[in-house]
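Each value in this text was obtained by applying a stated rule to the coordinates, not by laboratory testing. Here the structure is a predicted model, which means the values were calculated and not measured. Neighbour counts are summed over all protein chains in view; Cβ atoms, including those assigned to glycine, are modelled from backbone coordinates with ideal geometry.
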Amino acid sequence: MHMANPYVSVLSEDFAADPYRYFAPLRERSPVHYEPAIDSYFLSRHEDVKRVLTDHATFTTETLQVRAEPVMRGPVLAQMTGAEHTAKRKIVVRSFTGQALRDQTRAIHANAAELIGPFLPRGRVDLVNDFGRPLAVHVTLDVLGLDKKDWQQVAAWHSGVAEFITSIVLTPERRRHCLECAEQLEAYLVPVIEHRRRHPGEDLISRLCTAEFDGVAMSNRDVTALIINVLAAATEPADKTLALLFKHLIDHPDQMARVRQDPTLLPAAIAETLRYTPPVQLIPRQAEQDTVFAGTTVPAGATVFCMIGAANRDPDAFTAPDTFDIHRPDLGTARSFTAAAQHLSFGTGLHQCVGAAFARAEIETAAGMLLPLLDRVRHSPGFRYRETGLYTRGPAALPLDFTPVHEGATGHRDDEIPGLAE
Ligand code: HEM
């Protein structure tokens, strides 16, 4: 692999074009990389990243007060600590596991079928914009119990919120735009919250409205923040992972053939996609005291960014880390979606992702439906693959050509997929 200059700025265009080129040199020669323009430290070794994410006393989520709270309209889960965090996290976890997850998997299937119908006969799809992104928003709205007819509006507001949280540098105009998006999203949510307080259902908003913490119900602000928290956390990484899964399988035809032959390999393919190209590339924390990593002191008060992409490719954590291999002996597929995961794509420690099982169900269901329907799936001619994003990262578009498979060969009833029923 080409050894790039480790002293490149992570804010440079070169780094943004292909951060993966820089991960080995950073880990080896500058594992505690200081970025003066934003007065922040970037850690790239697996061991150091894991230490930051699990040493909650030394590395706090205080930085989210500035990075997230203004657009979340209140404190998000990742900011909370102690009993409050445990209690509120439990409410969210319960809504994405067990029986709730089984019901959601049916809803994921129905949403995916609806989106596949229109593009299937055409033999062409932009997997990000025609399928993955709307699917991720639709299923999240289902879980929250929000009206899907509003999805494009909600998605537009949500993208302003996401831009605020995931921008390392934001111009005053974009900052204003993001804050307006958040205010409009809040204005849309508050009447829904008030209605659910009077008429609760089974959805997550109702559960948040009826739950009590220390005998006190959550305020509209608390509930709004948790809804926006779930919207922001659930949609972007899931749609990026689906697109990246297809990209890697298309680029590795032998592994694509194995997954097609044996769909039980899909979870391994998803786990390896998450390790190889994590959609959440950076996790911020704040140092509470001076801490030494690899001989360099990170001072108290400093912002620290954990580089998940670099940590997942650390040869001390995975053998041949720059190779995409769904059969790698150190993958540990089953534990990849749990707290015991060796990759750090869902974070680790107290704030580890609560949606990992849901994300797995969503991607496995969608990919399991798509693969048998899209024969000879390949990149559309002339398309130049490009990833964007430093904080969350994935392809902005993924145009694919394929031969549609009809009749019986799919394992789905033809009337389940609108395009097949005719
Ligand atoms: C492939 C998909 C996903 C990836 C890669 C991912 C990644 C992450 C990461 C890295 C964190 C840790 C943030 C930190 O430590 O500060 C996190 C937290 C979180 N995620 Fe996910 N996520 C995914 C899907 C989802 C889904 C589908 C949901 C909701 C259903 C969700 C809800 C959350 C929430 C609420 C938190 C905050 C947990 C806490 O602070 O206690 N995520 N996620």
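Rank the residues CYS209, CYS306, CYS353 as a footprinting-exposure proxy: fewest other Cβ atoms within 10 Å of their Cβ go first. The partial results should precede the final answer.
Details: CYS209 23, CYS306 26, CYS353 20.
By the 10 Å Cβ count, ascending, the order reads CYS353, CYS209, CYS306.
Site-free segments of the chain were taken between chymotrypsin sites (Phe, Trp or Tyr not before Pro) in DSSP loops having at most 13 other Cβ atoms within 10 Å, sites themselves excluded; the longest one is 8-384. Annotation: the residues SER219, SER206, SER345, sorted from fewest to most other C-beta atoms within 10 Å of their own C-beta, follow the order SER219, SER206, SER345.
Per residue Cα convex hull volume for the range 16-98, in cubic angstrom?
Working: hull volume 14.3 nm³, N = 83.
Hull volume over Cα atoms, normalised by residue count, gives 172 Å³.
When +1 charges are put on Lys and Arg Cβ atoms and -1 charges on Asp and Glu Cβ atoms, the dipole computed for the chain relative to its Cα centre reaches about 200 debye.
Given only helices, namely DSSP H runs of n ≥ 4 each adding -39500 (n - 2.57), what is the per-residue ellipticity at 222 nm of the chain, to the nearest 500 deg cm²/dmol? It would help to have the intermediate numbers written out before the result.
Values: 17 runs with 208 residues, N = 422.
Calculated from helices alone, the mean residue ellipticity at 222 nm is -15500 deg cm²/dmol.
Separation of the range 142-175 and the range 290-368, taken as the distance between their Cα centroids, equals 25 angstrom.
Can you bin the chain into rounded, prolate or oblate? Criterion: square roots of the alpha carbon gyration tensor eigenvalues sorted a ≥ b ≥ c, rounded for a/c under 1.5, prolate for a/b above b/c, oblate for the rest. Could you put the intermediate results ahead of the total?
Values: a/c = 1.66, a/b = 1.10, b/c = 1.52.
Judged from the Cα gyration tensor, the chain comes out oblate (a/c at least 1.5, b/c at or above a/b).
By the count of other C-beta atoms within 10 Å, a proxy for reagent exposure, GLU272, GLU186 are ordered fewest to most as GLU186, GLU272.
If a/c stays under 1.5 just call it rounded; otherwise compare a/b with b/c (prolate if a/b is bigger, oblate if not). Do that for the range 232-280, with a ≥ b ≥ c from the square roots of the Cα gyration tensor eigenvalues.
prolate
Which entries in LYS88/LYS247; LYS149/LYS240; LYS50/LYS148; LYS50/LYS149 show an alpha-carbon gap greater than 31 Å? Where the Cα-Cα span goes over 31 Å, the pairs concerned are LYS88/LYS247; LYS50/LYS148; LYS50/LYS149.
In the range 81-143, if the dipole is taken from +1 on Lys/Arg beta carbons and -1 on Asp/Glu beta carbons about the Cα centre, which of GLN104, LEU120, GLY132 is farthest to the positive end? Working it through, the farthest residue towards the positive pole turns out to be GLN104. Contact order for the chain, expressed relative to its length and based on alpha carbon pairs under 8 Å spaced 6+ residues apart, stands at 25 percent. Entry note, the range 51-206: relative contact order of 24 percent, from Cα contacts under 8 Å with a spacing of 6+ residues.
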